[in-house]
Amino acid sequence: MFQIPYHTLRPATTAHLAQTMTLLSLTVGQLKQQIDTELSTNPALELVEERRCPTCRRLLPERGVCPVCSCPSSTLIDEPVVFLSPREDFYTGSGSSAERPDEDDFSVEEDNLAAYVLRQIAPELDPQDRRLAAYLLTNLDEDGLLAIPVVEVAKYFHIAPAQVKNVQRIIQRADPLGVGSSSTREALLVQMDVLGDIQFVPPLARRVVEEGMDLLSHRQFAELARYMGVSVRQVQQVVKFIGENLNPFPARSHWGDIRHPVAPNLHVYQQPDIIINFMNDNPKNPLIVEIVLPLSGTLRVSPLFRSAIQQASDEKKEAWKGDMERASLFVKCIQQRNHTLRRLVQRVVSLQRDFIVHGEQYLKPVTRSLISRDLDVHESTISRAVANKTVQLPNRRIIPLANFFDRSLNVRSILRDIIAEESSPLSDSQLVDILAQRGINVARRTVAKYRSMEGILPAHLRQSVVQQT
DNA sequence: CTATGGCACGGATT
DNA sequence: AATCCGTGCCATAG
């Protein structure tokens, strides 16, 4: 774990330390802004347009992802491969997505979601469809579902409903997958469609959503099984699959989030800071972890500038010298940032591999302080690095990096499973006993809290509810 | 009387 | 030092 002599890289001055800290806590988008301003204000700083693979040190041919993914040597590595990935093209749009999240708390979520989606799909639309799309997107509810009927929209625009549906279909395939659907059912169907390209989707899941959505959303699994003519066990598997891979409310990061509808979701719409994938999308291959960098190339102190300084007049010399020092400090800080981030991610990913591959139940209770001890850095360093960052998992879901440190997420998700699988409604104290059998000791009160966090109804309301409006 | 939600306290985490 | 989280106690609903 300690291969790298870290001390050699330790910041020497307090200024270095402070700047590294701030850089560490930045999102990719924010980092890009930072670098951009630094580049334009400081003549001593220079961007060398070189694209070199950070792991195999080979020059990269063109834009795109690093070909190390197909490096024959890397297929032998068992540890997850972590590397820094230049993805300039991600962030060339308006810098708006990079705004610091805490500043504007009002009117953000819908605006941002709509704008975010529109930016993705705008290129493939002609101008009038673009207007249509914008109109649709302004009519999303807080769950990311379309709040008005398609027919209404068609009337409003005096066009055929089919055309509206066409645009809707494009919207649905944009990033919060299923966004702009007319119902949770539709959202799930779209998600399964797209997911089907990269992962196995149980055929029964599709049938259940298509035909038995009512029963499914009321969690009446016994009923559902009978209606579909399959065993309860099969239904349970489908439910598990849906819970792990799909999300009926596209705007929520996952369906437990009804508690805090806005705040934790702010950063969900951003591009991820870290992307985790299987090599070639094949689950048998090792994990590839990309730490997204906002530019392609290396920053350095311009050698031209360095030599020019000799011939400068005395008063200029002073100013330029300052520039140069700032530049080299900045470069060091960036390197420092990337280095810590890389080590952090490396450690976390190998600890939480099960979580990444198999889902929330397998999340291990890892704390930031544990990592900090492992990496021999201060706790606050880890905190800063984790804060405000997002990760894209192999199943294409984007979650906050902080989720990797959530102590209770796994228990919550096991709880979800238990409730989904047992047919007769279990009271909280019974749930406590069952959890205890699985080696999880929590208080009765805590189970109640988790339940409400997951949006699960109390026992007496759970199954006895027959179809009501 | 049982099941659950609210409030608040203490310890851990950041 | 500030915040989050699990938990205990108590009130309330069924």
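Readers should treat all values here as calculations from the given coordinates under stated rules, not as data from a laboratory. Just so it is clear, the model here is predicted, and its values are computed rather than measured. Because the Cβ atoms are built from the backbone with ideal geometry, glycine has one as well, and the counts that use them run over all protein chains shown.
In table form, for the structure just shown:
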read-out	value
Ranking of A:Leu189, A:Leu17, A:Leu26 by count of other Cβ atoms within 10 Å, fewest first	A:Leu17, A:Leu189, A:Leu26
Long-range HN-HN contacts of A:Leu293 with modeled amide H, under 5 Å	A:Ser85, A:Arg87
Sequence of A:His158, A:His339 once ranked by neighbouring C-beta atoms within 10 Å, starting from the fewest	A:His158, A:His339
Cα-projected label distance for A:Asp281 with A:Arg130, points at 7 Å along beta-carbon direction, nm	2.9
Peptides ranked, highest mean first, by Cβ atoms within 10 Å: ranges A:300-306, A:116-122	A:116-122, A:300-306
Student exercise, segment A:282-334 dipole from Lys, Arg, Asp, Glu Cβ charges, in Debye to nearest 20	200
Cβ-based exposure ranking for A:Met192, A:Met453, A:Met279, in which fewest neighbours within 10 Å come first	A:Met453, A:Met279, A:Met192
Loop-located trypsin sites (Lys or Arg not before Pro) in segment A:385-424 whose Cβ has at most 12 other Cβ within 10 Å (DSSP)	A:Arg407
Size of electric dipole in segment A:333-469: Cβ of Lys, Arg +1 and of Asp, Glu -1, about Cα centre, debye, nearest 20	560
For segment A:321-469: relative contact order, % (alpha-carbon pairs under 8 angstrom, 6 or more apart)	16
Charge dipole (segment A:113-252, unit charges on Cβ, about Cα centre) - positive-most of A:Ala122, A:Ala174, A:Met213	A:Met213
Residue among A:Gln236, A:Leu140, A:Asn247 farthest towards the positive dipole end of segment A:113-252, charges placed on Cβ	A:Gln236
Efficiency of FRET from Cβ geometry, A:Gln234 and A:Lys364, R₀ 35 Å, rounded to 0.05	0.70
Subset of A:Lys32/A:Lys389; A:Lys364/A:Lys449; A:Lys32/A:Lys332; A:Lys284/A:Lys364; A:Lys32/A:Lys165 violating a 26 Å alpha-carbon distance limit	A:Lys32/A:Lys165
Residue-by-residue Karplus 3J(HN,Hα) for segment A:322-335, coefficients 6.51, -1.76, 1.60, Hz, glycine and proline x	x, 4, 5, 5, 4, 4, 5, 4, 4, 4, 4, 5, 4, 4
Charge tally in the Cβ shell below 11 Å around A:Val366, where Lys, Arg are +1 and Asp, Glu are -1, A:Val366 excluded	+2
